[in-house]
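Readers should treat all values here as calculations from the given coordinates under stated rules, not as data from a laboratory. All values reported here derive from a predicted model rather than from experimental measurement. A quick note on method: Cβ atoms are made from the backbone with ideal geometry, for glycine too, and the neighbour counts reach across all protein chains shown.
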Amino acid sequence: MRETLDQSLRRQGVSRRAFLKYCTALASLMALPPGMAPAIAAALGKAMRPSVIWLSFQECTGCTESLTRSNAPTLEDLIFNSISLDYHETLQAASGTAAEAAREQAMKAFYGKYLLIVDGSVATGLQGAYSTVAGVTNLDELKKVAAGAAAVVAVGSCSSFGGLPMAHPNPTGAVAVSDIITDKPVINVPGCPPIPVVITGVLAHFLTYGTLPETDLHRRPKMFYGETIHDRCYRRPFYDQGKFAHTFDDEGARNGWCLYELGCKGPITYNSCATLKWNEGTSFPIESGHGCLGCSEPKFWDKGSFYQPLSGGTWTDSGTLLAAAAAGVAVGAGAAVLSRARQHHAQEEK
């Protein structure tokens, strides 16, 4: 019989104080007040460490690389204290027959209770023959393992939406996990790759409540994908003032002005990049001087140039900037442009 999390932590010498600190971090990840930490601690303490099976399909391993750089909770906390990662082809020590046996054993022992995590798109062309592991197609493997899962987490844009493997002309017939699995709860954690803390935050919610968090129309957790990058971007004031970089080395770029005219997709991209960032909150692409590519949005890979302004109008293509400056209504004009761009994006999504 598996230990409860509380028993596991006590055996490892983790103090109650350290555990509460850990739960406070989890509360923050789930956008809950710090006062919820004791309730989270009580729920986690009684819970058995859930079995987790991680499958990798058509992907670049970037999502796993992102996970290994999580800082709250750390990878070590996540794997050794909170969950039982029973199968992960990249991180597991076992290989070959021993690895496959570990997965089969976990599936049998925790049927209907384990959490399935998938990164990478699923090849459906030639009955799935484009991508196989140990002679078994990803398509068949997904169906088999998902059958006994309590829920499925699609990590990364490839598993969430098909990703780059799905880009035109899509020779492998790549599709998203949710296109195949329709009888289980599926949550998407898109991004290329996703933010490490977002991955672990979704797992933290499952650990605490035994359910997946509330999602938006693309099955993304609202607590991390509820606002656009533009809404929280530190360059937003420059957008409102009509100050834009027009090349990557002009005065505007050197002054940190808005990258909208250089194709930044922040206004139509829902993610936490501007607040959570990468490398323990050090930076994100816009802060590094490059516009957002929109990598957490469906079909971002086939929507044209990353370096052309959004469809629906920009400040300069219709003289909006000059008119706004003359009238002193830059913020209102910017909002109108942004509204048109988002409406155009919404129509493309349908």
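Per-structure values
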| item | result |
| --- | --- |
| Partnerless cysteines, meaning none of the other Cys C-beta atoms lie under 4.7 Å away, in the chain | 23, 60, 63, 158, 233, 258, 264, 273, 292 |
| Cα centroid separation, segment 127-179 to segment 1-66 (Å) | 27 Å |
| Count of lysine pairs in the chain with Cα separation under 14 Å (8 or more residues apart, or interchain) | 8 |
| 222 nm mean residue ellipticity, helices alone, for the chain (DSSP H n ≥ 4; -39,500 (n - 2.57); rounded to 500) | -10500 deg cm²/dmol |
| Solvent-free Debye scattering, log10 I(q)/I(0), computed from the Cα coordinates of segment 5-225 at q = 0.13, 0.14, 0.18 Å⁻¹ | -0.72, -0.84, -1.35 |
| Residue among 111, 298, 255 farthest towards the positive dipole end of the chain, charges placed on Cβ | 111 |
| Dipole in debye (nearest 20) - the chain, about Cα centre, beta carbon charges: Lys, Arg +1; Asp, Glu -1 | 1020 debye |
| Segments 174-183, 114-123 sorted - mean Cβ within 10 Å per residue, highest first | 114-123, 174-183 |
| Relative packing of 237-249, 46-58, which averages over residues the other C-beta atoms within 10 Å, highest first | 46-58, 237-249 |
| Contour excess over end-to-end distance, with Cα ends at residue 65 and residue 215 and 0.36 nm allotted per residue | 51.5 nm |
| Cβ-based charge dipole, the chain, positive-most Cα from 206, 267, 130 | 206 |
| Length added when fully stretched, residue 288-residue 105, from 0.36 nm per residue minus Cα-Cα | 61.3 nm |
| Packing-based order for 9-20, 191-202, using average beta carbon neighbours within 10 Å, highest first | 191-202, 9-20 |
